[in-house]
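Okay, so here's the structure we're looking at.
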Amino acid sequence: MATATVTRQPLFSRPRSSHKGVWSWITTVDHKRIGVLYGFTAFAFFLIGGFEALLIRAQLARPNGHVLNANQYDQVFTMHGLTMIFLVVMPLSAAFFNYLIPLMIGARDVAFPRLNAFSYWVFLFGGLFLYSSFLLGGAPNGGWFGYAPLSVQKVTGSVPFAHNMDYYAIGLIILGIASTVSAVNLVVTIINMRAPGMSFFRMPVFIWMALVVQLLLVFALPIVTIALFLLLFDRILGTSFYIASNGGDPVLWQHLFWLFGHPEVYILVLPAMGIVSEILPTFSRKPLFGYPVVVLSGIAIGFMGFGVWAHHMFATGLGPVANSAFAVSTMFIAVPTGVKIFNWLATMWGGRLRFDPPMLFAIGFVTMFVIGGLSGVTHALVPHDYQQTDTYYVVAHFHYVLFGGAIFGLFGGIYYWWPKIYGRKLSGKLGKWHFWLMLIGFNVTFGPFHILGLQGMPRRIYTYAPGMGWDFWNMVSTVGSFMIAGSILVFIYNAWHSRKYGEIAGNDPWDARTIEWMTSSPPPEHNFDQIPVVHALDDFWHKKYVEDKGGKLVPVPAGGENGHSEQAPEHEAGEHGGGHGIHLPSPSYMPILAAVGLPLIGYGLIYGFYISIVGGLILLGGLYGWAFEPGTE
Amino acid sequence: MERRKLGRLVRPAIILSLVFLGTACAAHAPQDYLKNLAGSEARKANNLFVPVFWIAAFVFFLVEGLIVFAAVKFRDRAGRDEPKQIHGNSALELTWTAIPALILAVVAVPTVLTIFSVAAKPGPNQVKIHVVGHQWWWEYQYLGTTPEVITANELVLPVNKPAYFTLDSVDVIHSFWVPKLAGKQDVVPGRTNTLEFTPFETGEYYGQCTEYCSLSHANMRLRVIVKTQADYDTWIREQQAPPVQPATPDAQQGQQIFMSNICITCHTIAGTQAQGQLGPNLTHFASRGTFAGSMFDNTPANVDRWIHETSLLKPGVIMPRFGCGQTNEPPYASMKCISDSDIQAVVAYLESLK
């Protein structure tokens with residue numbers, strides 16, 4: 001920089017910008033690298049959570065199983081839920097948000113790059129904190145929903161569980177910090193950093209869904225954070241917020257938890273809906289049918305998601321008036337969801353469908369989500385929900401929504417944007433194997449849960465007696481779960497194989513619609529040599545094609561206003577040339593340093609305040625350095 | 001051509017789903033809540049569910065059928081033209097917003113009516129029972145009986161008479177559920193929830209706790225035995241009678257061992273110094289068909305094994321393992337064991353408590 005003539009050595013110096021080595025990853029503030037970190041970390045947790053699922057299925061394959069004992073089973077099913085929700089689907093969505101939001105809105109980075117790095121490190125350390133409980137006396141064992149007063153109990157029957165649920169409360173608070181920080185960052189990014197011409201209604205649907213999700217996070221996470229703090233107070237300070245015998249109320253926890261927990265469901269599934277809304281038009285070669293309606297129904301789902309929480313509590317005893325109100329609101333949240341499904345169907349209708357893996361997974365999402373949606377409507381039949389709730393029927397429902405929905409959608413996104421990230425495509429053939437194996441395995445695993453639930457098999461039981469009629473379908477389900485595991489192995493092999501042998505992608509391998517496909521694959525650190533000016537929804541598509549009067553597609557003649565046109569580099573501060581003159585934030589040590597402090601504070605709450613003091617000092621030091629380190633090096 | 005292809009896809013799908021459903025219904029499942037329902041509230045719930053299930057099935061085949069049809073018909077083939085670019089159609093979109101909304105509005109009416117219909121109301125001519133959830137067993141107090149009948153895990157009811165329950169818990173949240181008779185009701189400490197249903201058929205019905213309550217949640221099972229009014233009245237009289245005095249020397253010795261051990265700190269046997277409140281009331285233990293949260297049939301061999309191995313059979317229970325050669329965790333680590341022959345005597349005593 002021209003002004004960098006001050007000779008005094010600053011108190012904190014920033015690491016040099018480099019692109020190689022572990023250190024460059026640790027100090028990076030590049031949203032793309034952070035996105036990749038999120039993705040790999042979430043995938044690692046996916047493998048762990050999947051392993052836990054296999055343990056559960058192995059235990060339940062037969063009546064009176066002996067793979068796990070009750071104590072182990074309780075920890076494993078609790079951690080399976082926590083992992084898949086907080087350490088897989090949320091951060092995998094965050095990986096897409098981080099990588100894609102700036103690219104899709106035409107920005108150089110997110111609004112607060114160091115804060116972005118901080119979010120990732122807090123998420124990683126929060127996840128490691130949660131998992132360290134396995135080595136330090138026992139993992140959380142009260143279910144992901146952590147119902148009080150069980151979650152306050154330190155001795156259950158004759159067995160002490162000193163700290164299991166402390167890890168739950170503190171771990172989720174730390175992960176909540178990561179998500180909140182990231183949500184604020186991304187809201188600011190989307191609102192303020194869109195490329196010239198990209199008005200709100202020219203944003204891709206994925207960006208819309210990202211915005212809705214971030215706003216849901218901003219409003220929902222404080223609720224559960226408060227609930228978790230009260231739980232922590234009950235556990236370590238001896239208060240009685242949830243203890244009925246001392247004037248507290250266990251139902252308070254349920255209200256707070258589900259007031260977060262239901263929006264959380266949409267936090268988990270809306271990103272996948274956004275991804276699918278990008279994939280279907282691209283592979284149908286048609287615009288998204290009813291873009292404004294898809295966007296508005298996404299927003300409607302976000303709002304209504306805050307008004308249905310008590311449908312998790314129909315059997316709690318809220319009374320017929322409250323149950324009726326929440327039955328009706330629950331039924332009507334199905335309307336905007338249904339609208340989306342019909343719009344996706346209409347997008348495919350009359351198109352020219354190419355069944356590359358992203359498209360297969362997107363269609364898989366829609367078909368499986370329909371099943372989850374329909375079973376969801378039956379939960380609103382309150383008197384019958386008194387029967388269904390806490391049975392495997394509900395387990396079937398939310399796996400169809402969160403696995404058949406979110407996970408299928410996210411895998412679609414992985415196949416779709418992989419070439420943008422790595423410059424090489426994943427193998428289509430292996431992708432198809434992955435898809436079909438996973439689709440069949442998924443239905444063999446979770447389809448029988450509907451039957452088991454209607455046959456009265458409760459959730460969260462580590463064992464069951466023979467003679468209940470549950471033996472056969474449990475065995476079928478276990479077989480299916482190993483098919484899913486096999487499909488994941490195919491995917492891992494595909495990813496590994498593509499490093500060297502994947503087809504070179506080029507900028508725009510799918511003939512796609514949105515502006516991230518205009519830049520190179522992988523994109524340069526500064527994303528775009530020239531920030532694109534946006535003239536329409538699906539701007540890149542309209543640079544490649546126009547419609548004639550009858551609505552037929554006509555390619556724009558080569559050499560015209562074509563998206564593949566040679567980029568004209570225009571250096572903002574052309575000191576170094578070759579695109580490097582574009583001002584980008586320098587890497588920083590401070591985000592990871594500050595993030596290390598948080599789990600230490602957490603351990604201190606469990607094992608002694610002096611550890612908290614150390615953690616607090618590290619956090620403060622990190623933030624201090626953050627504030628005082630020079631802007632760029 | 002295309003239609004034939006679709007037919008080839010659709011027919012196996014329908015056959016498969018029928019086989020699926022058929023097998024589901026064929027299995028003997030005592031907690032199934034779709035058929036052989038014997039209680040008023042279970043039937044009401046099912047009457048609401050069945051029509052909605054068929055509506056959902058129709059929507060399922062319609063939507064999935066359309067998706068599969070579109071995928072087959074509009075797949076990219078050689079010579080296929082670029083598609084017409086359609087950006088939306090307000091009339092269509094309004095239609096598929098309005099129709100589901102209308103269907104749901106129609107479904108909402110019977111739903112709300114049934115919600116109020118199944119809400120429990122206290123009234124005359126009901127059997128009134130207070131249910132207490134414990135980690136991990138059920139206690140039943142028959143209100144209005146003197147002396148009060150208190151029993152565990154097995155609930156006895158008269159047929160065709162409304163039963164009204166108040167439910168409470170001494171520790172964590174449980175949920176009381178007998179699917180063939182009624183939907184579940186959570187049992188929340190500090191709140192007294194209510195439940196009401198009328199059993200229509202005599203017989204034995206299975207149920208279990210359905211709110212996760214830690215280690216032995218899976219083992220917190222229960223039975224409901226519905227008897228004719230006459231049999232029920234007899235049963236009440238038997239339960240109100242003082243416990244049988246042990247007649248055989250074995251049982252007498254067992255009683256002495258029972259009374260001189262820590263058994264009495266947790267269990268009650270009416271009319272003796274055993275007045276503990278933590279465990280199930282054993283006054284008429286031998287009249288029950290199952291024990292330990294209805295995990296085991298009440299046979300001498302099972303009870304014998306239970307007293308030996310307890311928490312090995314049912315994780316987490318606060319009852320120590322009395323068998324010699326068993327190691328107990330704190331707080332029972334230094335407890336004296338009871339010899340095999342003495343345990344046999346205790347079993348003989350318990351099995352005499354008809």
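The values are calculated or read from the model by the stated rules, or taken from the named source; none is laboratory data. It should be emphasised that the depicted structure is a prediction, and the values quoted were computed from it without experimental measurement. Quick reminder, even Gly has a Cβ in these numbers, built from the backbone with ideal geometry, and neighbours come from all protein chains shown. When the accessible area is computed, the model is the full protein with side chains, heavy atoms only, and any ligands, DNA or RNA have been set aside. Shrake-Rupley method; radii C 1.70, N 1.55, O 1.52, S 1.80 Å.
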Part-to-part distance (alpha-carbon centres) for the range B:25-99 and the range B:178-239, which is given in Å: 36
Unit charges at the beta carbon, dipole of the range A:30-518: most positive-side option, A:Ile191, A:Tyr99, A:His399: A:Tyr99
Solvent-accessible area buried by A and B, counting both chains, probe 1.4 angstrom, square angstrom: 8300
Cα-centred dipole magnitude for the range A:339-463, charges only on beta-carbon of K, R (+1) and D, E (-1), debye, nearest 20: 660
Reach of A:Lys20 by Cα under 18 Å, taken over lysines that are not fewer than 8 positions away in the same chain: A:Lys32
Among A:92-103, B:103-114, the order from most to least packed when residues are scored by Cβ within 10 Å on average: A:92-103, B:103-114
Selection from B:Val72, B:Ser216, B:Leu167, by position along the positive dipole direction of the protein assembly as shown (Cβ): B:Val72
Of the DSSP H helices in chain A, those whose Cα atoms cover at least 24 Å axially and whose Kyte score averages 0.5 or more: A:31-60, A:113-132, A:164-192, A:205-232, A:250-284, A:357-379, A:428-454, A:590-607, A:609-628
Ratio Rg/Rh, restricted to chain B and using Cα atoms, in which Rh is the Kirkwood radius: 1.15
Principal-axis tilt of helix B:229-240 within chain B, Cα atoms, nearest 10 degrees: 40
Cβ-based charge dipole, the protein assembly as shown, positive-most Cα from A:Thr463, A:Thr330, B:His308: A:Thr330
Those residues of the range B:67-105 for which accessible area with every protein chain present is at least 50 Å² below the isolated value (1.4 Å probe): B:Ile67, B:Phe74, B:Asp76, B:Glu82, B:Pro83, B:Lys84, B:Gln85, B:Ile86, B:His87, B:Glu93, B:Trp96, B:Leu104
Rounded to 10°, Cα long-axis angle of helix B:249-260 versus longest principal axis of chain B: 80
Chain A, accessible surface, carbon-and-sulfur percent (1.4 angstrom probe): 69
DSSP bridge orientation in the protein assembly as shown - percent antiparallel, rounded to nearest 5: 70
Formal net charge of residues neighbouring A:Leu593 (Cβ-Cβ distance under 13 Å; K, R +1; D, E -1): +1
16 Å cut-off, amide nitrogen to a point 7 angstrom out along B:Asp340 Cα→Cβ, residues in the range B:249-292: none
Between helix B:90-118 and chain B: long-axis angle, C-alpha atoms, 0 to 90°, nearest 10: 20
Chain A: C-alpha gyration tensor shape, a/c 1.5 cut-off, then a/b vs b/c: oblate
Fraction of beta bridges assigned by DSSP in chain B that are antiparallel (%, nearest 5): 70
Percent RCO, i.e. relative contact order, over chain A, from Cα pairs under 8 Å lying at least 6 residues apart: 18
If the convex hull is drawn through the Cα atoms of the range A:290-402, its volume per residue in Å³: 98
Entries in A:Lys420/B:Lys73; A:Lys420/A:Lys500; A:Lys340/B:Lys184 that, when Cα-Cα distance is taken, lie over 22 Å: A:Lys420/B:Lys73; A:Lys340/B:Lys184
Net charge dipole size for chain A [Lys, Arg +1 and Asp, Glu -1 on Cβ; Debye, nearest 20]: 800
Computed [θ] at 222 nm, deg cm²/dmol, chain B (DSSP H ≥ 4; -39,500 (n - 2.57); rounded to nearest 500): -13000 deg cm²/dmol
Å² per residue, accessible surface of the protein assembly as shown at 1.4 Å: 38
Relative contact order of the range A:283-354, defined on C-alpha pairs under 8 angstrom at six or more residues apart (%): 61
A:Phe411 - accessible surface, heavy atoms, 1.4 Å probe, Å² rounded to 10: 10
